[in-house]
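These notes concern the structure reproduced below.
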Amino acid sequence: MLPNFFSTEPDPKMTLYSLEHIIPLLITIVLVILLYYKRNFFKSWKYEKHFRIFLVIFLIFCEITIVLWRGLTGTYNITHTLPLHLCSFSALAIEIVLITKSKKIMDFVYYISIGGAFIAMFYPDLRFTHLQYRYWEFFIFHILIIFSTYYMVFVHDLVPSKNSILKSMLIVHIIAIPIIVVNTLIDGSYMMLVNTSVPLLVDLFGEWPKYIIGLELLLIGLFSVNFIITYLFIYRNKQLKGEIL
């Protein structure tokens, strides 16, 4: 059982928007909704600080285990397994926010964390089922990024400023410049900027460079949807309370 669980062999049963794909997406949405309605419990919970440390440790654990898995199975490849994906940067930033409660960092990372993780989960380059380790690591890691980000917003009121969406877009493009260079030098696929192994994205947007324009529009769309959600649940609520953002 264990050898199969840690197998690197793709399973054709795993397809986009199959039940195994939809369930983690639904779990993410349910967790965020529950977090919002239970935010006052966490605010007064005596183990709240310990819980934040737990989230940090869990995120780091996911990152360490994937490196070990790739190393032990001989699947480590610099073209796509270095921590140069958008979610890798997001995870590091949100770990810092969980520890420091930095509003400045949250302003930059909020939309990137949510948008990047949701793109990864909606269009995963994943060929493993729930019977394999990689499936669990992938979805748990991205759910943790989303949950941790919303946790700091709902529980610690680290509400991103209204211009943080522009800051996030700026940061993404600044990060993208050296990543494109790295991708070109090593024939990599980091941040899905040069090429992608997710056929659906290519089907939707066409081959590179048209694909980049489509990816840009997708990112803007996700950022905008998240802004609307943020406005409805956070900005508007604070305005009703007479608080100024």
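Quick notes
- Top-ranked residue in region 160-206 [being in a loop (DSSP other than H, G, I, E, B) and not polar (S, T, N, Q); ranked as modelled with the lowest pLDDT]: Val198
- Across region 1-38, the number of residues qualifying as among the polar types (S, T, N, Q) and touching a residue at least 12 places away in the same chain (Cβ under 8 Å) comes to 4.
- Flag if Leu86 is farther than 22 Å from Pro12 by Cα, in contact with a helix residue (DSSP H, G or I) (Cβ under 6 Å, 6 or more places away or on another chain) and not small (Gly, Ala, Ser): yes
- Residue within region 38-53 that is surrounded by 14 or more Cβ atoms within 10 Å (Cβ to Cβ), at pLDDT below 95 and either among the polar types (S, T, N, Q) or in contact with a helix residue (DSSP H, G or I) (Cβ under 9 Å, 6 or more places away or on another chain) (or both) present: yes
- In region 123-141 there is at least one residue matching the filter, namely being outside any helix (DSSP H, G or I), crowded, with 20+ Cβ neighbours inside 10 Å and modelled with pLDDT of 90 or more.
- Test: residue in region 10-19 that is of a type in the set (S, T, N, Q), exposed (fewer than 12 other Cβ atoms within 10 Å of the Cβ), assigned to a helix (DSSP H, G or I) and modelled with pLDDT under 95: no
- Within the set Ile244, Ile228, the sole residue that is exposed (fewer than 15 other Cβ atoms within 10 Å of the Cβ), modelled with pLDDT of 75 or more and not basic (Lys, Arg) turns out to be Ile228.
- Only one of Ser102, Ser168 that is of a type in the set (Gly, Ala, Ser) and buried (at least 18 other Cβ atoms within 10 Å of the Cβ): Ser168
- Within region 91-102, at least one residue is small (Gly, Ala, Ser), in contact (Cβ under 8 Å) with a residue 12 or more places away in the chain and within 23 Å of Ile33 (Cβ to Cβ).
- Complete set of residues in region 70-93 that are part of a helix (DSSP H, G or I) and closer than 24 Å to Val182 by Cα: Arg70, Gly71, Leu86, Cys87, Ser88, Phe89, Ser90, Ala91, Leu92, Ala93
- Matching residues, region 147-164, being closer than 11 Å to Ile94 by Cα and of a type outside the set (Val, Ile, Thr): Phe147, Ser148, Tyr150, Tyr151, Met152
The values are calculated or read from the model by the stated rules, or taken from the named source; none is laboratory data. None of these values were measured; they are calculated from a predicted model. Because the Cβ atoms are built from the backbone with ideal geometry, glycine has one as well, and the counts that use them run over all protein chains shown.
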